[in-house]
1. Considering only residues that are surrounded by 16 or more Cβ atoms within 10 Å (Cβ to Cβ) and more than 22 Å from VAL67 (Cβ to Cβ), which ones fall in region 90-110?
2. Please determine, by comparing only the residues of region 72-90 that are of a type outside the set (S, T, N, Q) and within 15 Å of the chain's Cα centre (by Cα), which one is nearest to ALA124 (Cα to Cα).
3. Only residues that are touching a residue at least 60 places away in the same chain (Cβ under 8 Å) and either farther than 30 Å from GLU118 by Cβ or in a helix (DSSP H, G or I) (or both): list them for region 7-62, please.
4. Out of (1) modelled with pLDDT under 90; (2) within 19 Å of VAL139 (Cβ to Cβ); (3) over 22 Å from the mean Cα position of the chain (by Cα); (4) surrounded by 14 or more Cβ atoms within 10 Å (Cβ to Cβ), what's the single condition that is false for ASP69?
5. Can you find a residue in region 134-151 that is surrounded by fewer than 17 Cβ atoms within 10 Å (Cβ to Cβ), modelled with pLDDT of 90 or more, over 20 Å from VAL61 (Cα atoms) and not acidic (Asp, Glu)?
6. Could you list all residues from region 48-66 that are exposed (fewer than 12 other Cβ atoms within 10 Å of the Cβ) and of a type in the set (S, T, N, Q)?
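The values are calculated or read from the model by the stated rules, or taken from the named source; none is laboratory data. Just so you know, these numbers come straight off a predicted model, no measurement behind them. Here Cβ is always computed from backbone atoms with ideal geometry, including for glycine, and neighbour counts include all displayed protein chains.
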Amino acid sequence: MKENNKKNISSRREFLSSILMWGGLIAAYGTMGIEGLLFLLPKQIRPTRRLFAGTINKYNVGGVQSVYDLQGNEVLVKRSESGFQAFSTVCPHLGCRVHWEEENNYFFCPCHRGVFDENGIATAGPPAEAKQQLPTIPVTVDEASGVVYLEVKAA
């Protein structure tokens with residue numbers, strides 16, 4: 001009887017260890033398969049939001065106003081005769097902050113004396129040598145209400 005009992009205990013242990021082993025393998029390979037599939041799928045595009053940037057009459061033609069996006073990053077909004085443009089203040093060369101110099105009519109990066117024209121295209125310094133330009137942010141203007149919106153990444 002004792003020997004029969006030992007066989008039952010032994011077979012139960014083997015059964016449980018087999019189940020645990022197979023369960024662990026299935027969980028590991030399943031996780032690896034899901035991660036592999038997620039790696040192959042395209043990244044989801046971050047949603048954007050329309051951000052109120054003021055009214056049209058807040059902006060002078062030829063002038064630049066500073067607005068902050070939902071992450072607290074500064075955006076420079078420029079009004080010209082042809083419409084509105086918005087630029088990130090992050091220099092594409094090394095990530096320094098650019099600012100608008102109204103008296104010179106250009107954007108200036110103080111880190112390496114990079115100069116960007118009024119359309120955000122580099123004209124001097126390392127950014128010009130690398131043929132870089134300031135990142136732009138889409139701008140929409142609701143003419144009926146006179147409101148300017150920026151299309152920024154949702155927080």
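1. HIS93
2. VAL90
3. Answer for region 7-62, where residues must be touching a residue at least 60 places away in the same chain (Cβ under 8 Å) and either farther than 30 Å from GLU118 by Cβ or in a helix (DSSP H, G or I) (or both): PRO47, ILE56, ASN57, LYS58.
4. Every condition holds for ASP69 apart from (3).
5. Yes, because at least one residue in region 134-151 is surrounded by fewer than 17 Cβ atoms within 10 Å (Cβ to Cβ), modelled with pLDDT of 90 or more, over 20 Å from VAL61 (Cα atoms) and not acidic (Asp, Glu).
6. If the condition is that a residue be exposed (fewer than 12 other Cβ atoms within 10 Å of the Cβ) and of a type in the set (S, T, N, Q), then ASN57, ASN60, SER66 are the ones that fit.
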